Amino acid sequence: MNKKKKKKSFFVLLFKLTVISFIFLLIFSVLLGMGLYLTYSKNLPKIITVKDYKPRVVSNVYDKNGTKIGEFYREKRDIIAYEDMPKIVINAFVASEDGKFFEHKGIDFAGIVRAMIVNFKSGQFSQGGSTITQQVARSLLLSNEKKISRKIKEAILAGRIESRLTKHEILYLYLNQIFLGHNAYGVQAAASQYFNKEAKNLTLAEAALLAGLPQAPSKWSPFLNPDKAKERQVYVLNRMVEDGYITKEDALKAANERLKLHKHVDHNLQYAPYFVEFVRRYLFSKYGADKVLDEGWKIYSTLDLDMQKAADEAVKQEIEKLDKEQGFRGPIKRISSDKDIKEELEKIHMESVNSVRGYILFPELWQEFKFRNKMFVIEDKKDKSEHLSMKTAPTPIDKGKNYKAIVMGINEKTQEIKIKVGNVDGVIKKDGYSWAHPGKLGQGFLRKGDVVYVAIMRLIIII
């Protein structure tokens with residue numbers, strides 16, 4: 001009996017010690033939390049309201065007829081009202097960045113735990129588990145430095161934002177403020193920058209691509225890293241399926257939708273660079289750089305774009321004439337191996353194709369996506385005719401325009417230079433190169449593998 005009593009007394013004591021330890025640990029945690037809150041809540045930025053939100057917005061310059069010829073900005077942003085944002089865009093960003101956004105009060109503790117595990121395994125501060133609300137706090141009120149103190153302040157501010165703004169207001173701030181790469185801030189500017197359209201017209205596939213960018217815009221850029229961008233887009237579509245925003249069928253259709261990515265156009269350099277620069281300097285001196293760069297002005301000028309284009313073309317022709325009078329300066333570069341020549345010809349071909357189209361296709365034509373084991377997988381298409389037809393179709397060229405060409409050989413008998421522009425064969429006859437080399441060919445003037453600029457004088461279609 002004594003042994004049983006002693007054993008029972010031991011367990012009772014152990015239980016009491018455990019309870020006491022738990023109570024002390026709880027009190028310590030509460031006091032620590034209060035101490036951290038009091039320490040880091042001092043001198044925090046004031047929470048803004050939607051009415052207070054005045055972000056940096058791009059100012060546009062127009063000619064006398066209302067055609068855009070330039071833009072001034074520190075952050076390229078165009079504001080879009082929450083009501084004008086498609087539901088599919090909102091759902092894509094929520095699923096990608098903060099699946100519990102409509103449930104939490106600013107902080108996702110489960111997300112923080114996941115981030116801590118990842119950071120512990122990697123041995124560095126690589127993830128923060130930030131919610132959309134925390135990202136708003138960081139973007140509008142704090143810096144991006146990765147420090148524990150900043151994360152604590154961010155969490156405190158996130159709680160205050162949640163108590164003062166509605167979820168829709170937070171999303172309005174987030175979707176207009178966030179950086180999405182290639183100078184684009186906010187979904188409206190990103191829709192224009194990537195797809196040459198307004199945000200309200202984005203498809204599911206386009207919305208998923210943009211929603212995958214916030215954490216690392218350069219790493220997942222479809223222009224810089226198309227393969228990684230595709231993986232990220234598929235990840236967002238997976239998340240949307242998991243959260244019930246779309247069906248598997250919707251996701252599959254979007255994953256296999258071929259997008260047209262429009263190349264960025266620098267309006268300041270496209271039409272009248274010297275005139276636009278004059279306007280910029282004048283406005284800066286009269287009103288100050290901050291107002292011009294940040295306040296979204298509409299600036300109407302006296303320039304007539306049609307007349308400007310005519311003047312530019314006249315100057316270009318005279319410069320080319322003058323340049324020709326200076327004599328031939330030699331090839332752009334020289335390529336020695338047949339392999340390198342082939343690669344250069346393919347590059348010239350695709351440059352010409354993309355120049356004519358004004359956009360690039362995303363994803364590549366031979367990629368196809370299927371759904372297996374709750375995840376998308378990438379497969380090669382069995383039918384590659386579409387891709388092959390683009391690769392083997394004649395390189396698009398126009399009469400009178402200049403193109404890069406590669407010298408494929410010299411015919412000393414006919415005194416002709418054989419060239420290729422992409423996959424189109426051509427010849428330069430004596431009257432086409434005599435200004436540069438009046439003597440006979442075969443004396444080191446040009447050789448196979450030389451890259452030169454040529455002007456297409458006559459197109460002959462062979463059937």
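Observations, loosely collected:
- Estimated FRET transfer efficiency when R0 is 25 angstrom, pair V50-K200 (beta carbons, to 0.05): 0.80
- Remark on F179: its backbone amide H falls under 5 Å from those of G186, a criterion applied only to residues 5 or more positions apart or on other chains, H modelled at 1.01 Å from N.
- Between R74 and S336, the C-beta separation translates, for a Förster distance of 41 Å, into a calculated FRET efficiency of about 0.30.
- Unsatisfied cross-links (Cα-Cα over 31 Å) in the set K200/K248; K401/K430; K64/K200; K286/K316; K51/K309: K286/K316; K51/K309
- Residues whose amide H falls under 5 Å from that of D450, counting only those 5 or more places apart or on a different chain, are I335, V407, with hydrogens built in the peptide plane.
- In plain terms, the chain from K324 to Q415 could stretch by 30.7 nm, reckoned as 0.36 nm per residue minus the Cα-Cα distance.
- Label-point separation in nm, E346 to N423, each point 7 Å along Cα→Cβ: 1.1
- For segment 249-342, a/c is not less than 1.5, where a ≥ b ≥ c are the root eigenvalues of the C-alpha gyration tensor, and a/b does not top b/c. That puts it in the oblate class.
- Length added when fully stretched, S163-Y282, from 0.36 nm per residue minus Cα-Cα: 38.3 nm
- Protection proxy ranking, highest mean first, for peptides 270-276, 81-87, 167-173: 167-173, 270-276, 81-87, where packing is the per-residue count of other beta-carbon atoms within 10 Å, averaged.
- Measuring between alpha carbons in the structure, the pairs from K263/K324; K260/K404; K230/K263; K87/K197 lying more than 23 angstrom apart are K263/K324; K260/K404.
- Each Lys or Arg adds one and each Asp or Glu subtracts one; over the other residues with Cβ under 15 Å from the Cβ of F101, this totals -3.
- Listed by chain and number, the aspartates and glutamates whose C-alpha is less than 17 Å from the C-alpha of K219, apart from same-chain residues fewer than 8 away, are E97, D227, E231.
- Taking amide H as placed 1.01 Å from N in the peptide plane, K197 has its amide H under 5 Å from the amide H of S192, each at least 5 places away in sequence or on another chain.
- Note on Y300 and K248: the model spin-label points, each 7 Å out from Cα along the C-beta direction, lie 5.7 nm apart.
- A cut-off under 15 angstrom between Cβ atoms defines the neighbours of D431, and their net charge, with Lys, Arg +1 and Asp, Glu -1, is +4.
- Using the Cβ-Cβ distance between K316 and D84 with R0 set to 30 Å, the FRET efficiency from 1/(1 + (r/R0)^6) comes to roughly 0.10.
Every read-out reported here was derived from the displayed coordinates using simple, explicitly stated rules and does not represent laboratory data. This is a predicted model, so every value here is computed, not measured. Neighbour counts run over all protein chains shown; Cβ positions are idealised from the backbone, glycine included.
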